[in-house]
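Working notes, structure below.
What follows draws every value from the coordinates through simple rules; no lab data is involved. Quick caveat, the model's predicted, so the values are computed rather than measured. Because the Cβ atoms are built from the backbone with ideal geometry, glycine has one as well, and the counts that use them run over all protein chains shown.
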Amino acid sequence: MQGMQIYVDADACPVKAEIVRVAERHGLTIHMVSNSWMRLDESPLIKRIVVNDKPDAADDWIAERVTASDIAITADILLAARCLRVGAQCIGPTGKPFSEANIGMALAMREMQKHLRETGGSRGFNPAFTPCDRSQFLQALEHAIQAGKRGR
């Protein structure tokens, strides 16, 4: 059995370089999963996975392979919920950890925002990614790795 691995929903992930830096420090394999080829740092720890361009193909690939000893990095709330169901740790790119305690509210907010967009009540803008988000992400990833090594 392989130890802890990191699965990244990589298409729109703004913290790929940070993930590589932290994972290399800990010697962890990273699965960068995307719908198209992307330029990444060269590292023997990076596994590039290019899936087809069907909706949710990257999510499905990750959800079918992530285990309770792994960490998933995604902004996709539905994928986060799928990863949590198998016991994996899950972190958003802004450093917000998804958990059993907060995933229900995140799913409800997602549905409400979707409804507002569909009815014209919202334009659906996402807030800009900030240096503070990057810093919070680095802290959250380090914390998740340490928790995984301790067996949570």
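A few points about this structure:
- The amide H of residue 90, built 1.01 Å from its N in the peptide plane, has 72, 98 as neighbours under 5 Å, considering only residues 5 or more places off or on other chains.
- Spin-label model, residue 130 to residue 24: label points 7 Å out along the Cα-to-beta-carbon direction sit 2.9 nm apart.
- Residues with amide H under 5 Å from that of residue 31, placed H, sequence gap 5 or more: 6, 7, 8, 47
- Contour excess over end-to-end distance, with Cα ends at residue 68 and residue 119 and 0.36 nm allotted per residue: 14.5 nm
- Rounded FRET efficiency, nearest 0.05, which uses the C-beta distance separating residue 142 from residue 40 and R0 of 22 Å: 0.60
- In Hz, Karplus ³J(HN,Hα) per residue of the range 85-91 (6.51, -1.76, 1.60; θ = phi - 60°; x = Gly, Pro): 4, 8, x, 6, 7, 9, 10
- Under the Karplus curve 6.51 cos²θ - 1.76 cosθ + 1.60, θ = phi - 60°, whole-Hz ³J(HN,Hα) for the range 133-147, x wherever Gly or Pro sits: 4, 4, 5, 4, 5, 4, 5, 5, 5, 4, 4, 5, 5, 4, 5
- Backbone geometry of the range 42-57 corresponds, through the Karplus equation with coefficients 6.51, -1.76 and 1.60 at θ = phi - 60°, to 3J(HN,Hα) couplings of 8, 7, x, 7, 8, 10, 8, 10, 10, 9, 5, 8, 5, x, 6, 4 Hz, x marking Gly and Pro.
- Based on DSSP H segments of at least four residues, each scored -39500 (n - 2.57), the chain has a per-residue ellipticity at 222 nm of -13500 deg cm²/dmol.
- Which label in (1) 15.3, 49; (2) 18.9, 59; (3) 17.3, 57 gives the computed Rg and Dmax of the Cα atoms in Å: (1)
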